[in-house]
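Engineer: First, the structure itself, so that you have it in front of you.
The values are calculated or read from the model by the stated rules, or taken from the named source; none is laboratory data. Since the structure is predicted, the reported quantities are computational estimates derived from the model, not experimental observations. All Cβ positions, even for glycine, are placed from backbone atoms using ideal geometry, and neighbour counts span all protein chains on display. Remember, those area values only see protein heavy atoms, side chains included, never the ligands or the DNA or RNA. Shrake-Rupley method; radii C 1.70, N 1.55, O 1.52, S 1.80 Å.
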Number of protein chains: 2
Amino acid sequence: MQTETTRAVVSDLYDAYARRDFDRVATLIHDEIDWIIYGPVQVFPFEGQRQGKVAVLEALGGIAKDYMVERYTPEVIIVEGERAAVMSDVAFVQRATGRTLRFRIADLLRCQEGKVIEFREFTDSFDLVEQALGKFIEV
Amino acid sequence: MQTETTRAVVSDLYDAYARRDFDRVATLIHDEIDWIIYGPVQVFPFEGQRQGKVAVLEALGGIAKDYMVERYTPEVIIVEGERAAVMSDVAFVQRATGRTLRFRIADLLRCQEGKVIEFREFTDSFDLVEQALGKFIEV
C-alpha cells in the first residue's frame, strides 16, 4: 500500500529530526527533491526554494547552525497515497541569544521510492520574524 | 467511508468559496467550529482564533469586505478519515487599492457530521503583509 509506505517514511523522518539524527534524515531525502520553506530569506537564509538533496541538506545545516531543535512534535498527520501533511508544535533555541522560538509548522510532502521528493513548509512567518528579532515589527 | 465524506465536504467547501457562494460555505461550517488563521491581526483583523460558526462567518465577512477572491485553486488535497489538508494557489484583489495579492495557502481541516469543525490556516504571513502594505518591511 502506497499510503502505508508514505506513513512509514514520514514517521521515520519526523522521529529522526526530533532526535536530531540528521544522518537518518539525509537517507530519507530524494536526490531530486523539490523543496520550499516559505519565509523571508533576509531573516532566515535557510528558507526559500532548494532543488536537490545537496541543497536541502545545506539548508538544514543552516537551520542547525543558527537554531537548536528543542521540541518537534507532530500533532496532526494526514496521509493519502504518496502525499502527506504534518502539523507540528515546535520549539527552537536561537543559539546567538539562547531565546526559544515557539510556533506551529504545516508541511506538505510527497514521497517517491521511499523518500521525500516534494516538500512545502508553511509557518506564520510574520510572527516568526518577530520572535527571531525579539521585537515587534512596526507596520 | 469517513474519508469519502470528508473529501465531499472539502470539495464542496472550496468550490463554493472559489465561486463566492458564501451561503453554501456557511452550511458547511459546524456550529462548534474551532478556527485559526495564523497571521498578524493588526494588518489582517479577520485573522487569529475564532470559536463557533457565528464568529467564523464574521471573519469571512471581514475578508470579503477588504478583499475580493480572484482565484482560489486547490493544488493539493490530502484526505484521511475525518481530516484533510489543502494547499491552494490564490489571488485576492485588495478593494482599497485594486492591487492583487498572490500567495499560497495551506489549510488543515477536520470534519464532523458533514461539516468543518476544526480549521487551521497557514500562509507566508510576512510576504502577505508586504503585499498588503505594498512595500518591503525593514528588518
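Engineer: Modelled label-to-label distance, B:Ala8 and A:Asp12, 7 Å Cα→beta-carbon offset: nm?
Structural biologist: If labels sit at B:Ala8 and A:Asp12, their model points lie 3.7 nm apart.
Engineer: Which whole number gives the average count of other chain Cβ atoms within 10 Å of the Cβ atoms across peptide A:80-87? Can you show the working numbers first?
Structural biologist: Values: counts 10, 3, 1, 7, 3, 13, 2, 6.
The per-residue average across the peptide is 6.
Engineer: May I pose another question? Segment B:74-139: which trypsin sites (Lys or Arg not before Pro) are DSSP loop and have at most 16 other beta-carbon atoms within 10 angstrom? Numbers along the way, then the final one.
Structural biologist: Working: sites: B:Arg83, B:Arg95, B:Arg99, B:Arg102, B:Arg104, B:Arg110, B:Lys115, B:Arg120, B:Lys135; in loops: B:Arg95, B:Arg99, B:Lys135.
Listed in order of number, the matching sites are B:Arg95, B:Arg99, B:Lys135.
Engineer: Just check the protein assembly as shown against the gyration tensor rule for me: Cα atoms, a ≥ b ≥ c as the square roots of the eigenvalues, rounded for a/c under 1.5, and otherwise prolate or oblate depending on whether a/b exceeds b/c. Walk me through the intermediate numbers first.
Structural biologist: Numbers: a/c = 1.80, a/b = 1.18, b/c = 1.52.
Verdict is oblate for the protein assembly as shown.
Engineer: Further question: Put a dot 7 Å past each Cα toward the Cβ at A:Val54 and B:Thr100; how far apart are the dots in nm?
Structural biologist: The answer from the label model is 3.8 nm.
Engineer: Next question. In terms of solvent-accessible area of protein heavy atoms at a 1.4 angstrom probe, what is the ranking of B:Arg71, B:Arg50, highest value first? List each step's numbers first, then the result.
Structural biologist: Working: B:Arg71 80, B:Arg50 50 Å².
The ordering from most to least exposed comes out as B:Arg71, B:Arg50.
Engineer: Note down the Stokes-Einstein diffusion coefficient of chain B in µm²/s, whole number, using a Kirkwood radius over alpha carbon pairs, 20 °C, and 1.002 mPa s. Could you put the intermediate results ahead of the total?
Structural biologist: Numbers: Rh = 15.4 Å.
For the chosen part, D equals 139 µm²/s.
Engineer: Among the lysines in the protein assembly as shown, how many pairs, 8 or more places apart or on different chains, have alpha carbons under 25 Å apart?
Structural biologist: 9
Engineer: Here's something else I'd like to know. Going by amide H atoms built from the backbone, whose H comes under 5 Å of the H on B:Gln42, apart from near neighbours?
Structural biologist: Distant-sequence amide H within range of B:Gln42: zero hits.
Engineer: In whole percent, and with a 1.4 Å probe on the protein chains, what portion of the accessible area of the protein assembly as shown is carbon and sulfur?
Structural biologist: Working: 6390 of 12660 Å².
For the protein assembly as shown, the apolar C and S fraction of the accessible surface comes to 50 percent.
Engineer: Would you kindly calculate the translational diffusion coefficient of segment A:67-111, applying Stokes-Einstein with the Kirkwood radius from alpha carbon pairs, for 25 °C and a viscosity of 0.890 mPa s, and quote it in µm² s⁻¹ without decimals? Could the numbers behind the result be given before it?
Structural biologist: Values: Rh = 11.5 Å.
Approximately 214 µm²/s, per Stokes-Einstein.
Engineer: Sticking with this structure for a sec: In angstroms, what radius of gyration and Dmax does segment B:1-73 have, counting Cα atoms only?
Structural biologist: Looking at segment B:1-73, its Cα Rg and Dmax stand at 12.9, 42 Å.
Engineer: A:Arg24 to B:Asp23: FRET efficiency via 1/(1 + (r/R0)^6), r the Cβ-Cβ distance, R0 41 Å, to the nearest 0.05? Don't skip to the answer; put the middle values down first.
Structural biologist: Values: r = 50 Å, r/R0 = 1.22.
The calculated FRET efficiency here is 0.25.
Engineer: Contour minus end-to-end for A:Val43 and A:Asp89, with contour as 0.36 nm per residue of separation and end-to-end as the Cα-Cα distance?
Structural biologist: Length gained, A:Val43 through A:Asp89: 14.5 nm.
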